[in-house]
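The values are calculated or read from the model by the stated rules, or taken from the named source; none is laboratory data. From a predicted model like this one, the values you see are computed outputs, not experimental measurements. With ideal geometry, Cβ positions are generated from the backbone for all residues, glycine too; neighbour counts draw on all protein chains shown.
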Amino acid sequence: MSQPRRDAFRVLQESETGPALLESSLARHLEKAQPRERAFATNLIFAVLRNRLYLDHLIAAHLDRPPSKLDLPVLTVLRLGAAEAALMSTPAHAVVSAAVELAKATPARRGQKLINAVLRRVVRDWPNTPMPGPEANPVERLSLIYSHPAWLVAELLAQHPEAVVEEWLRANQAQPPLTLRANPARSSCGDLAAGLAKFVAEVRPHPLSPEGLMLRGAKLPAAQLPGFAEGLFSIQDAAAQAVSHLLGVEPGMAVADICAGAGGKTGHLAALLRGQGSLLAADPSPGRVRALRENLGRLGVQWVKVKQADAQALKGVAGQFDRVLVDAPCSGLGVCGRRPDVRWRRTPDDPARLAELQLDLAAKAAEMLRAGGAMLYATCTVTRTENQEVVAALLARCPGLRLEWPQDLAPELRACIGDDGYFRTMPQRDDADAFFAARLVKE
């Protein structure tokens, strides 16, 4: 029995049935695996998640019912087998035998005969399975070829030309770069790059952030690279790093991060303040607050005020801050290249549901600002409902706000501001997740 395939099966089952995020499932199930086995299982998991609709299309060609009607364990084994056949270098005869063995060792055992029969035909016929051509409906074509939900493709096509959407989807199917943020209190980008050079195939600066380094071909998991435990750097996407620069923080300011999470942006804001001023970081989750404290401790940042609290319940904060960051809870669809499970976890109803919370948090941030202060509303998603529509609703609710960017904004960041005045990153253009941001100044 192949342990990597069994681990891949378990992670994929969890991604369909449980609340656990992909990172935690990978850590839990692959923690004790040998490096080669961990790499094989990880590649297999990501191949299935990134290509799920395409794999179901290959499977459906040899079924008398939609794949969704199969028991989930049986469908998971079929997806794993189809991924090995069509996307990986596993020999054809090994695909079928490995899948049958996997079925015997999992709840898919009752579907062994079906798995055997279907995968034999998939292995033989997958290169000739018909796909939509250029004349097909663009939503149907792009959704199937690039394995993104049709409702998400339709949302993107409503905002961008078809060619741009196709580039965006294609970029999501590739392995994104690993991006680090140097901790200037303990290392420079140059020194950090030199120290990492022998552990990666390539390391170079990222244009979206002066502290950012983009790595490809890392020989170790990011948290095992030299310098991480010592707080020389954080693991943070370049678009997330850009967010802190967009806020326009200067030493001596009173700053609040009211959706701090595990503290990636909090640590960056602290670095930009250089220990001068004050920084409040709030999050309602006990687990995230623990991670926030651990991250700040690793970076050597002891002076940040951390509160486990819902931002809307914060007392005595009206008019107290020069800068407020709202890294709003969102559908996360801008990171579905890095975390492909996200695209399957979301539904078309999620953006509207989340927008209500996002608007309330943004309004709280506006209340916390001093006159002349600025807030940044940011998300890592791409839906209009959670992005420009939330900002429009906020401006209607708080008429004393205006959209305004810092005068000294770096040219690379200013280039990401569209004709509508909003900041957006795109994976195919920026080697970064898709983020949205609006900076609002209080009169």
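Taking each residue of the range 257-285 that is not assigned by TED's automatic domain parsing to the domain that holds A311 and at pLDDT 95 or above and looking for partners that are polar (S, T, N, Q) and buried (at least 24 other Cβ atoms within 10 Å of the Cβ) with beta-carbon atoms closer than 8 Å, six or more apart or interchain, yields nothing. Considering the range 147-259, the qualifying strands (runs of 3 or more DSSP E), each wholly inside and each with 2 or more residues that are over 23 Å from C336 (Cβ atoms) and of a type outside the set (D, E), run over 202-205, 254-257.
Working carefully through the options Q428, Q388, Q407, find the one that is out of contact with any strand residue (DSSP E or B) (no Cβ under 6 Å at 6 or more places or on another chain), over 30 Å from G316 (Cα atoms) and touching a residue at least 12 places away in the same chain (Cβ under 8 Å). Break it down stepwise before answering.
Numbers: Q388 fails: over 30 Å from G316 (Cα atoms); Q407 fails: touching a residue at least 12 places away in the same chain (Cβ under 8 Å).
None of the other options fit; the residue is Q428.
With A98, A136 as the choices, which residue is of a type in the set (A, V, I, L, M, F, W, C), surrounded by 18 or more Cβ atoms within 10 Å (Cβ to Cβ) and either modelled with pLDDT under 95 or in the same structural domain as A8 (by TED's automatic domain parsing) (or both)? Steps first, please.
On the way: A136 fails: surrounded by 18 or more Cβ atoms within 10 Å (Cβ to Cβ).
Checking each option against the conditions leaves just A98.
Between P340, P406, the distinction of being farther than 21 Å from D310 by Cβ and over 18 Å from the mean Cα position of the chain (by Cα) belongs to P406 only.
Applying the set (1) more than 23 Å from E14 (Cβ to Cβ); (2) touching a residue at least 60 places away in the same chain (Cβ under 8 Å); (3) crowded, with 24+ Cβ neighbours inside 10 Å to L333 leaves exactly one unmet item: (1). Considering (1) surrounded by fewer than 16 Cβ atoms within 10 Å (Cβ to Cβ); (2) assigned to a helix (DSSP H, G or I), the lone condition that A355 does not fulfil carries the number (1).
Residues are listed down the side, and each one gets a yes or a no for (1) in contact with a Pro (Cβ under 7 Å, 6 or more places away or on another chain); (2) among the aromatic types (F, W, Y):
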| site | (1), (2) |
| --- | --- |
| P127 | no, no |
| H148 | no, no |
| A193 | no, no |
| A197 | no, no |
| L213 | yes, no |
| Q224 | no, no |
| F233 | no, yes |
